[in-house]
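Read-outs throughout are calculated quantities, based only on the coordinates presented, and are distinct from any laboratory measurement. Note that the coordinates shown come from a computational prediction; the quantities given were computed from them, not determined experimentally. Heads up, the Cβs are rebuilt from the backbone with ideal geometry, glycines too, and the neighbour counts pull from every protein chain shown.
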Amino acid sequence: MLILWELFLSFATVGLFCIGGGYASMPLIQAEVVEKHAWLTMREFVDIFTISQMTPGPIGINAATFVGTRVDGIPGSIAATAGFVFPSLIIILILAYLYYKYGDVGAIRGILNGLRPAVVALIASAGVGILLLALWDKEKLPIAVSDTNKIGVLIFALSLAAVHSKKVGTIKTLLASGILGLVFYSLASF
């Protein structure tokens, strides 16, 4: 029962400070589940983050559900998901009321404009950490060129080009990347 409470509180903490959506929540979730509680390894966290992106629904909620399931099965998934959603639900109800009533006030505009760069920094931080793990199998800098995952770099570059061209959708990019990974890594293991 204590683990359910810990899951709820950990994800409630993430939900409380998760400004900017699912990608911005990833460093906070990582801090709770990998660093603070050691419920997952960094590799497991990246795998869960990847699965959370591929499944329908918000990334942060999916990650909470997956982590909760990994830690304590279905009760854990319910506790983690409820913890993640609860503060956001309360905060958004309050903010929606305040924004509707006072949205044109300069101070509110200033706060919103000030939060945008912080959200971008959180998303970039999560992205850099995942990039390091995907392409160099390292969690932190420094990296060595000799440690570069050449197949990962190729798939990353092709995916980035496909998404940037706006001619290939996200789903097709994910499917193609998965197929390329299967083919290239299968060939590399021979």
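A few remarks follow.
- Cut-off 17 Å, label 7 Å out along Cα→Cβ of A144, residues of region 19-49 by amide N: none
- Net lengthening on full extension, L115/F86 (0.36 nm per residue, minus Cα-Cα): 8.3 nm
- For region 87-161 versus region 173-190, the gap between their alpha-carbon centres in whole angstrom: 27
- Net charge in the neighbourhood of A12 (other residues with Cβ under 15 Å of its Cβ; Lys, Arg +1, Asp, Glu -1) is -1.
- For the peptides 89-99, 121-131, the ranking by packing is 121-131, 89-99, with the highest mean count of neighbouring Cβ atoms within 10 Å listed first.
- For the chain, the membrane-span-like helices by this rule, meaning whole DSSP H stretches whose C-alpha atoms cover at least 30 Å of axis and whose Kyte-Doolittle mean is 1.0 or above, are 59-102, 106-136; this says nothing about an actual membrane.
- Burial ranking of peptide ranges 69-79, 27-37, 141-151 (average Cβ count within 10 Å, highest at the top): 27-37, 69-79, 141-151
- Once the Cβ-Cβ distance of L98 and L175 is raised to the sixth power relative to R0 = 45 Å, the FRET efficiency obtained is 0.60.
- Rounded if a/c under 1.5, otherwise prolate or oblate - region 22-72, Cα gyration tensor axes: prolate
- Charging the Cβ of each Asp and Glu at -1 and of each Lys and Arg at +1, and nothing else, the dipole of the chain about its Cα centre rounds to 620 debye.
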